[in-house]
1. Looking only at segment 79-119, count how many residues are within 24 Å of Phe37 (Cα to Cα), outside any strand (DSSP E or B), touching a His at 6+ places or on another chain (Cβ under 9 Å) and in contact (Cβ under 8 Å) with a residue 40 or more places away in the chain.
2. If you go through segment 22-76 one residue at a time, how many are touching a residue at least 40 places away in the same chain (Cβ under 8 Å) and outside any helix (DSSP H, G or I)?
3. From the set of residues in segment 60-78 that are among the charged types (D, E, K, R) and surrounded by 14 or more Cβ atoms within 10 Å (Cβ to Cβ), which is farthest from Val39 (Cα to Cα)?
4. Out of everything in segment 13-49 that is among the small types (Gly, Ala, Ser) and at pLDDT 95 or above, what residue ends up being nearest to Glu67 (Cα to Cα)?
5. Quick check: anything in segment 57-70 within 17 Å of the chain's Cα centre (by Cα), under 27 Å from Leu130 (Cα atoms) and of a type in the set (D, E, K, R)?
6. Look at Thr108 and say whether it is touching an Asp or Glu at 6+ places or on another chain (Cβ under 7 Å) and surrounded by 13 or more Cβ atoms within 10 Å (Cβ to Cβ).
Amino acid sequence: MPLWHVYHPPRAYTPEQKQQLSTDITAFYTRFGLPKFYVMVLFHEIEPGSFHLGGEPSDSAVRIVVEHLARQTEDPELRRRTREALADLLAPHTTGRGLYCEFHIDETPQNLWMIDGLTPPPPGSEVEQLWARENRPSPY
C-alpha cells in the first residue's frame, strides 16, 4: 500500500482539491496494477504557528511522507524515476500553487504488512489482479 501523509497549513486545500490530489495519487499507482484500495491519503491540517520551516513559522509549506509497503526497490534508477514522477504529480498541487513542498518515501518490507488480517498476495499475481478488479481484499 502506498500511505501518504500530507501535512499542510489551514485552508491550503479545499475538499475538492484534496479529492483531486488523492485521485491523482491513486491513478499513479493503479497504472502499475495496484488495487485502488491499497492507496490511502491522509490530510493533516497543521494549526497556525505549529508548522515551522528553518526555525520560522510557515503558512505556505507542505510536507509529505509517503510510505511504500506494496512495492520496494533497491534500484537507484527506478528510485530516481519514482521520485521525479511523484514530484511531477505533486507540482500542480503544491509548487504550482505557490506552496513550498518537501516529500520523502519510506519503504516497509511487504512481510510486515497486512490488510483485514490477510497477507497481501505477491505483486502481479493472479490474486493481486483479482483484488484490483474487485477493489477489495479476499481470502486466498
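1. Residues meeting the conditions: 1.
2. Looking only at that region, the number is 19.
3. Among them, the one singled out is Arg63.
4. That would be Ser22.
5. Yes.
6. yes
The values are calculated or read from the model by the stated rules, or taken from the named source; none is laboratory data. All of these numbers come straight from a predicted model, not from anything done at the bench. We place every Cβ from the backbone using ideal geometry, glycine too, and count neighbours over all the protein chains shown.
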